[in-house]
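Undergrad: Please read through the structure below; I'll follow up with questions.
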Amino acid sequence: MSRLRIRNCGPLQAELRVQGSKNSSLPCLAAALLHPGTTVLEGVPMIEDVATAIEILRALGAGVWTDEGRITICANDITNTRIPVQYMKKMRSSAVFMGALLARMKNAEAVYPGGCVLGNRPINFHLEGFQRLGCDVAVQEDVIIAKTSGMTGTGIKLPFPSVGATENLMLAAVGAEGTTMIENAAKEPEVIELARFLNRMGLEVSGAGTSKICIRGGQKTHDIHFCMSGDRIAAGTWLLCCMNAGGSLWLDNVPVSWMRSTLSVLEQMGASLRIDGTRLECTAPQKIRAVKHLKTAPYPGFPTDMQSQLLPVLCRADEDSCICETVFSSRFCAVRELVRMGARITVDQEKNLAWVQGGVRLHGADVSAPDLRAGAALVIAAMGAGGDTIIDNFYHIERGYERITDTIRILGGEACWIC
Ligand code: EPU
């Protein structure tokens, strides 16, 4: 069943604990393959993408046990180096299992990864990086076969600070002899979290959070117990929900220092924010101020993963707004669905810009989630709209948001599955 009806119940007056980070948990789950012993991860969100990562670990021979947000992985015996097609096609992050497999087993086989369709999403930087480390990479009818008789540390300069490529190459490089330097590396918090995880496991990674990451390969690993940080994108999503529905929201487990650009945009829009450690209170303004011109950018810029969720809120702003997407070639898929709800947004495909007309109140409609974050934008829209909204293909949203129907109810909305 993947159709959810949402009815907005007016201004929020709610408290919510933010789930653990999806995009940090997935590479850390892959990194568990590096250690022939036990890894325990706490605070992992129980979402579809994590379930897929667990299936991949099991298919490769690891034992995995889950208990709410705690996942125990025992990777003593890795018996398989081929990642099953059905899991590769489910999510983008499946690709980072290749780097870990190369480091541990010197072999990795997989088809090209699936995941949200946000325009062209090649993995050429990942594969070229593997080659620089000394792997043979062949592609036979969509199947990537990578193998090595032994990797050697080297310098790798990424053409763009790709998050996935940085993570994948960090994972592979811990299995190389000598030192690898990744230049133009992604600085995203998820890369920092992966580096922390690897260091706690006994490996040597420095520079994460800057554009140069140094990995000294060939170190011994040991058992590790690691706790994931809160999800900065889930936190931002619920803050924007508050902006759209009105009222106020207390969030706990917020990675505040990793959310500066998002929080600054919320303040520009008129939000009143109160921060107390990892707790944050947001009070929505009576009138939302437009965002004249905002560009998404790699961290520490405004995250592309927040762009879709901003659109429904800007519809009710005092003036028109303009958003430019610079990370992905085609990420305005929420627009068509928001237009069904009354939004007046036009997209310039060539310039990758969306013009959002302000002063528009959205109404409920039958819509369909095109991908994870565009789906989250529809939830936000529904929570501030007049009347019922029915969101089809809701499974896209469940890939990234834990117990989302419960969350909608905590926020004061009504959520009910329909056939
Ligand atoms: N790119 C290439 N070649 C590559 C790799 C990337 O051309 O080999 C290009 C992409 O096409 C894109 C740009 O580089 O235009 C950035 O892609 P990146 O590799 O940084 O993205 P990703 O690793 O595929 C992760 C997150 C995304 C998030 C982006 C950007 C995970 C699992 N996914 O994707 O999160 O949007 O970084 O921050 O960590 C989401 O959570 O909804 C999501 C899509």
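The values are calculated or read from the model by the stated rules, or taken from the named source; none is laboratory data. What you see is a predicted model, and the numbers here were worked out from it, not measured in a lab. A quick note on method: Cβ atoms are made from the backbone with ideal geometry, for glycine too, and the neighbour counts reach across all protein chains shown. Heavy atoms of the whole protein, side chains included, go into the accessibility calculation; ligands, DNA and RNA do not. Shrake-Rupley method; radii C 1.70, N 1.55, O 1.52, S 1.80 Å.
Undergrad: How long are the semi-axes of the equivalent ellipsoid of the range 1-95, defined as square roots of 5 times the Cα gyration tensor eigenvalues? Whole Å, largest first. It would help to have the intermediate numbers written out before the result.
TA: Details: eigenvalues 186, 56, 20 Å².
Computed over the range 1-95, the values are 31, 17, 10 Å.
Undergrad: Are there GluC sites (Glu not before Pro) in the range 57-129 that DSSP puts in a loop and that have at most 10 other Cβ atoms within 10 Å, and which ones? Please report the intermediate quantities before stating the final value.
TA: Details: sites: GLU68, GLU109, GLU128; in loops: GLU68.
Passing sites in the range 57-129 are GLU68.
Undergrad: Give, in whole angstrom and from largest to smallest, the semi-axes √(5λ) of the equivalent ellipsoid of the range 81-126, with λ running over the eigenvalues of the Cα gyration tensor. List each step's numbers first, then the result.
TA: On the way: eigenvalues 75, 28, 10 Å².
Each semi-axis is the square root of five times an eigenvalue, giving 19, 12, 7 Å.
Undergrad: With every protein chain kept in place and ligands, DNA and RNA left out, what is the accessible area per residue of the range 241-390? Probe 1.4 Å, answer in Å². Each step should come with its number before you reach the end.
TA: Numbers: 5650 Å² over 150 residues.
Per-residue value: 38 Å².
Undergrad: Then there is this: Please list, by residue number, everything in the range 352-376 whose backbone N is under 11 Å from a paramagnetic label point 7 Å out along Cα→Cβ of VAL117.
TA: Output list for this probe position: 370-371.
Undergrad: Over the range 253-329, what number does the Rg to Rh ratio reach, with both radii from the alpha-carbon atoms and Rh per Kirkwood? Walk me through the intermediate numbers first.
TA: Working: Rg = 12.7 Å, Rh = 13.1 Å.
That ratio is 0.97, to two decimals.
Undergrad: What is the Cα radius of gyration of the range 143-267 over 2.2 N^0.38 Å, N being its residue count? Could the numbers behind the result be given before it?
TA: Working: Rg = 17.9 Å, N = 125, 2.2 N^0.38 = 13.8 Å.
Dividing the Cα Rg of the range 143-267 by 2.2 N^0.38 Å gives 1.30.
Undergrad: Right, here's the next one. Let me know the volume per residue of the alpha-carbon convex hull for the range 228-359, in Å³. Intermediate values should be presented prior to the final figure.
TA: On the way: hull volume 12.8 nm³, N = 132.
Cα convex hull per residue, to the nearest whole number: 97 Å³.
Undergrad: Grab the Cα-Cα distance for ARG274 and THR38, subtract it from 0.36 nm times how many residues apart they are, and report the gain in nm with one decimal.
TA: Details: separation 236, 0.36 × 236 = 84.96 nm, distance 3.98 nm.
Length gained between ARG274 and THR38: 81.0 nm.
Undergrad: Relative to the longest principal axis of the chain, what angle (0 to 90°, nearest 10) does the C-alpha long axis of helix 189-200 take?
TA: That helix lies at roughly 40 degrees to the long axis.
Undergrad: Rounding to the nearest 10 and keeping the result within 0 to 90°, find how far the Cα-based axis of helix 22-31 lies from the longest principal axis of the chain.
TA: 10
Undergrad: Okay, moving on. Using only the alpha-carbon atoms of the range 129-197, report the extent along each of the three principal axes, biggest first, to the nearest angstrom.
TA: Sorted largest first, the three principal extents are 34, 28, 23 Å.
Undergrad: Turning to a different aspect of this structure: To one decimal place, what Kirkwood hydrodynamic radius in Å is obtained for the range 293-363 from all pairs of distinct Cα atoms?
TA: Details: mean 1/r = 0.0830 Å⁻¹.
Radius from the Kirkwood sum: 12.0 Å.
Undergrad: Another question about this same structure. Let me check against my output: what whole-number percent is the relative contact order of the chain, with C-alpha pairs under 8 Å and at least 6 apart? Present the calculation step by step, with values, prior to reporting the outcome.
TA: Values: 1051 pairs, mean separation 85.4, N = 419.
Reported as a whole number, the value is 20 percent.
Undergrad: Which whole-number percent is the relative contact order of the range 46-190 (Cα, under 8 Å, 6+ apart)? Walk me through the intermediate numbers first.
TA: Details: 262 pairs, mean separation 28.4, N = 145.
Relative contact order, the range 46-190: 20 percent.
Undergrad: How large is log10 I(q)/I(0) at q = 0.21 Å⁻¹ when the Debye formula is applied to the Cα atoms of the range 289-419, each weighted equally and without solvent?
TA: For the requested q values the scattering log ratios are -1.27.
Undergrad: Here's a follow-up. Expressed in nm to one decimal, what extension gain is obtained for the pair ASN393 and SER211 from 0.36 nm per residue of sequence separation less their Cα-Cα distance? Provide the component values of the computation, followed by the final result.
TA: Values: separation 182, 0.36 × 182 = 65.52 nm, distance 3.76 nm.
Result for the pair: 61.8 nm of gain on full extension.
Undergrad: Ranking request for peptides 142-150, 35-43, 395-403: highest mean number of other beta-carbon atoms within 10 Å first, then the rest in descending order. Spell out each step's value before the answer.
TA: Values: 142-150: 16.0, 35-43: 18.7, 395-403: 20.7.
Highest to lowest by the protection proxy: 395-403, 35-43, 142-150.
Undergrad: How large is ³J(HN,Hα), in whole Hz, for each residue of the range 254-271 in order, when computed from phi with the Karplus curve 6.51 cos²θ - 1.76 cosθ + 1.60 and θ = phi - 60°, using x for Gly and Pro?
TA: Residue by residue, the range 254-271 yields 9, x, 4, 5, 9, 10, 3, 5, 5, 5, 5, 5, 4, 5, 4, 7, x, 5 Hz.
Undergrad: Let me ask something else. Counting C-alpha atoms alone, how compact is the range 324-379: give Rg to one decimal and Dmax as a whole number, in angstrom.
TA: 11.3, 30
Undergrad: Would you mind classifying the range 172-222 by shape? Square roots of the alpha carbon gyration tensor eigenvalues, ordered a ≥ b ≥ c; an a/c under 1.5 is rounded, otherwise it is prolate if a/b is larger than b/c and oblate if not.
TA: Working: a/c = 2.69, a/b = 1.31, b/c = 2.06.
Verdict is oblate for the range 172-222.
Undergrad: Hey, what number do you get for the chain at 222 nm if only DSSP H runs of n ≥ 4 count, each worth -39500 (n - 2.57), divided across all residues, to the nearest 500?
TA: Details: 14 runs with 134 residues, N = 419.
My calculation for the chain gives -9000 deg cm²/dmol from helical runs alone.
Undergrad: Kindly express, to the nearest 10 degrees and within the range 0 to 90, the angle between helix 48-59's C-alpha long axis and the longest C-alpha principal axis of the chain.
TA: That helix lies at roughly 20 degrees to the long axis.
Undergrad: Here is a follow-up. Which value, in Å², gives the accessible area per residue of the range 1-93 when a 1.4 Å probe is used on the protein heavy atoms?
TA: On the way: 3710 Å² over 93 residues.
Computed with neighbouring chains in place, this is 40 Å² per residue.
Undergrad: Still on this structure, I have one more. Have a look at the range 206-279 and give its Rg and Dmax from the Cα atoms, expressed in angstrom.
TA: According to the Cα coordinates of the range 206-279, Rg and Dmax are 17.1, 53 Å.
Undergrad: Give the residue list of trypsin sites (Lys or Arg not before Pro) in the range 315-378 that are DSSP loop and have at most 12 other beta-carbon atoms within 10 angstrom. Working shown, then result.
TA: Working: sites: ARG316, ARG331, ARG336, ARG340, ARG344, LYS351, ARG361, ARG373; in loops: ARG316, ARG331, ARG344, LYS351, ARG361.
The qualifying sites are LYS351, ARG361.
Undergrad: Which whole-percent values make up P(r) of the chain when all C-alpha to C-alpha distances are grouped in 10 Å steps starting at zero?
TA: For the chain, the pair-distance distribution reads 5, 23, 32, 24, 13, 3, 0.
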